[in-house]
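Engineer: Here you go, one structure.
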Amino acid sequence: MTDTGIEVECAVRPHKEEKSKIYLQLTSSIIINLTFLASGICISWPAVTLSKLKPGSDLVVSNDNGGWIVCALGIGGIIGPILAGLLLDYIGRKWFIYATSAPFIACWVLTYLAKSWVFLFVARLVAGISVGALFSIVPVYVGEIAEPRIRGACSVMMSLMINLGYIFTYGLGPLLNRKIFALVCLAPTALFLLTAPWLPESPYYYLKKNKEKSAALTLVWLRRKKNNDDEIKQMKESIKSEKEGGFKKLFTVSPHKKALWILMLVITGQTLCGFMAVTSYLDNLVKDFHLNFNCDIILLLISVVSLISGILSSCFVDKFGRRFVFLLSSYGTTLCLSVIGAYFLLGQLKVKTGDLSLVPLIALVLYIVIVSFGLLPMPAIITSEIFPTNMKGWAIMIANIYGSVINIILPKCYQLAVTNLGNHVVFLALAVLQLIIAIIASFYLPETSRKTFKQIQKDLEPKNKAKKNKDGN
């Protein structure tokens, strides 16, 4: 065949589009989410450790001081998102996340060296800075390196890693003393420090720094294909729109205001379900059921069930819709909290509850399952869908600070209320709060599943404006 014939054939034959590969994107997401394995360990640590710090141990902590140790994580959680917002575009996503390892190391070193409850308070406060920052920045990094077709799967890894952290704590914590367990808890952070340097920086960050060549090379590495011009073009448009945005627009533009209100509602449902407080004092709670089972085994089984529930959530949240999953989880949580509260109320009224001891345990397991299925993952999913790129960072920072404030107040109030008022008051109060949130969400929470961003923004507009736009068309 002549050269001319080859040229004609090449011109006629359509050029086959190169397909991207996902394995390096998934691998990068797994490595970066090792930070949430470390976070899960920090969150669940009080459940297996505080009950050991009683008279006779090398370190004694009172119930009141134990309450401050629990809420210290939330105090640090306020600082973390602020640091992330200030330093994210200066240090870069990758190296900022890498730097969050230092507070985790400091936390476990202080825990090992602790001679009083103040050491443990400072340790958890420092770790809280990392936890708060990670909840703000890791979703951003994953969203910038992963393709849309696997972004959901990569985002679910956060919840799964946190649950693996619970399993790690409930599995090893009861077997080891405080000092040895503190050293063992360094393992996930050490693994992250060894593997994270090989991760790429976000191509989005490179473009913000006018390093287009570095961004292109990063995408070639992540996608395993040479031509990523269309994606780079989209990123440039997002960066351009980001410059046009600002913090004030979150409170002045109608769709953004409504989106922020919806996010706050979902965050309130997530935090006021009491999950943080209940898991922090899970060991004491299970003992109050007066069962003849080993509490350590029950804690481990509950954490495994929570992990399975999180996996199921990733499978069904797209099929049934965000609104349905949130409402199902919210009303279901109300029912479970009511059952546990009713059990303790019967005990307070001197009714014999010996034959009913399994009922609150079953309700507790269902509570963990239902919360893990809907209330826990929903804020991250909804945030990614209802805010434009130029507003997402601000929204995540505000939401995480708000959530951290509640997570400071609630565990401390939980501990004080259980001591002074009893479990029945605490669980019935949480049930009432969750019911109120569920009812409000029934009227105001929109469905975002299987809708384009443009459709979601249209739904968030005031009804009179949306009607005007429709009439204009």
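The values are calculated or read from the model by the stated rules, or taken from the named source; none is laboratory data. Here the structure is a predicted model, which is why all the values come from computation and not from measurement. Using ideal geometry, Cβ is built from the backbone for each residue, glycine included, and neighbour counts are taken over all protein chains shown.
This table checks each residue for (1) out of contact with any strand residue (DSSP E or B) (no Cβ under 7 Å at 6 or more places or on another chain); (2) outside the structural domain of residue 395 (by TED's automatic domain parsing); (3) in a loop (DSSP other than H, G, I, E, B); (4) at pLDDT below 85.
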residue	(1), (2), (3), (4)
237	yes, yes, no, yes
268	yes, no, no, no
271	yes, no, no, no
302	yes, no, no, yes
314	yes, no, no, yes
344	yes, no, no, no
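Engineer: Could you tell me whether the stretch 199-206 includes any residue that is part of a helix (DSSP H, G or I) and surrounded by fewer than 16 Cβ atoms within 10 Å (Cβ to Cβ)?
Structural biologist: Checked the stretch 199-206: no residue is part of a helix (DSSP H, G or I) and surrounded by fewer than 16 Cβ atoms within 10 Å (Cβ to Cβ).
Engineer: Restricting the stretch 109-147 to residues that are surrounded by fewer than 23 Cβ atoms within 10 Å (Cβ to Cβ) and charged (D, E, K, R), which is farthest from residue 65 (Cα to Cα)?
Structural biologist: In this case the residue turns out to be 147.
Engineer: Kindly provide the set of residues from the stretch 20-48 that are among the polar types (S, T, N, Q) and not in a loop (DSSP other than H, G, I, E, B), ordered by number.
Structural biologist: Result: 25, 27, 28, 29, 35, 39, 44.
Engineer: Out of the stretch 280-292, which residues are more than 22 Å from the chain's Cα centre (by Cα) and either in contact (Cβ under 8 Å) with a residue 24 or more places away in the chain or assigned to a helix (DSSP H, G or I) (or both)?
Structural biologist: Matches in the stretch 280-292: 283, 284, 285, 286, 287, 288, 289, 290, 291.
Engineer: Restricting attention to the stretch 180-190, does a residue exist that is assigned to a loop (DSSP other than H, G, I, E, B), in contact (Cβ under 8 Å) with a residue 60 or more places away in the chain and not assigned by TED's automatic domain parsing to the domain that holds residue 43? I'd like the intermediate steps shown before the answer.
Structural biologist: Initially, the stretch 180-190 is screened for residues assigned to a loop (DSSP other than H, G, I, E, B), giving 185-186.
Going one step further and asking which of them are in contact (Cβ under 8 Å) with a residue 60 or more places away in the chain, we end up with 185-186.
Right, trim to not assigned by TED's automatic domain parsing to the domain that holds residue 43 and you get none.
There is no residue in the stretch 180-190 that is assigned to a loop (DSSP other than H, G, I, E, B), in contact (Cβ under 8 Å) with a residue 60 or more places away in the chain and not assigned by TED's automatic domain parsing to the domain that holds residue 43.
Engineer: Same structure again: Considering each residue of the stretch 381-419, count those that are assigned to a helix (DSSP H, G or I) and within 30 Å of residue 208 (Cα to Cα), and give that number.
Structural biologist: Here the count works out to 22.
Engineer: Just a yes or no: is a residue in the stretch 353-373 polar (S, T, N, Q) and more than 24 Å from residue 446 (Cα to Cα)?
Structural biologist: For the stretch 353-373, residues polar (S, T, N, Q) and more than 24 Å from residue 446 (Cα to Cα): present.
Engineer: Out of curiosity, is residue 382 in contact (Cβ under 8 Å) with a residue 60 or more places away in the chain, in contact with a Leu (Cβ under 9 Å, 6 or more places away or on another chain), farther than 23 Å from residue 306 by Cβ and among the β-branched types (Val, Ile, Thr)? Step through it out loud before you land on a result.
Structural biologist: Numbers: in contact (Cβ under 8 Å) with a residue 60 or more places away in the chain: yes; in contact with a Leu (Cβ under 9 Å, 6 or more places away or on another chain): yes; farther than 23 Å from residue 306 by Cβ: no; among the β-branched types (Val, Ile, Thr): yes.
Against the criterion (in contact (Cβ under 8 Å) with a residue 60 or more places away in the chain, in contact with a Leu (Cβ under 9 Å, 6 or more places away or on another chain), farther than 23 Å from residue 306 by Cβ and among the β-branched types (Val, Ile, Thr)), residue 382 does not qualify.
Engineer: Count, please, the residues in the stretch 215-232 that happen to be surrounded by fewer than 18 Cβ atoms within 10 Å (Cβ to Cβ) and over 30 Å from the mean Cα position of the chain (by Cα).
Structural biologist: Residues in the stretch 215-232 being surrounded by fewer than 18 Cβ atoms within 10 Å (Cβ to Cβ) and over 30 Å from the mean Cα position of the chain (by Cα): 6 in total.
Engineer: Take the residues of the stretch 316-334 that are part of a helix (DSSP H, G or I) and of a type in the set (Gly, Ala, Ser): which is farthest from the chain's Cα centre (by Cα)?
Structural biologist: Let us first name the residues in the stretch 316-334 that are part of a helix (DSSP H, G or I), namely 316-320, 322-334.
Restricting the remaining residues to those that are of a type in the set (Gly, Ala, Ser) gives 329-330, 332.
Values: 329: 16, 330: 17, 332: 20 Å.
For the stretch 316-334, the residue satisfying everything is 332.
Engineer: Is it true that residue 378 is in contact with a His (Cβ under 6 Å, 6 or more places away or on another chain), closer than 30 Å to residue 79 by Cα and not assigned by TED's automatic domain parsing to the domain that holds residue 129?
Structural biologist: In short, no.
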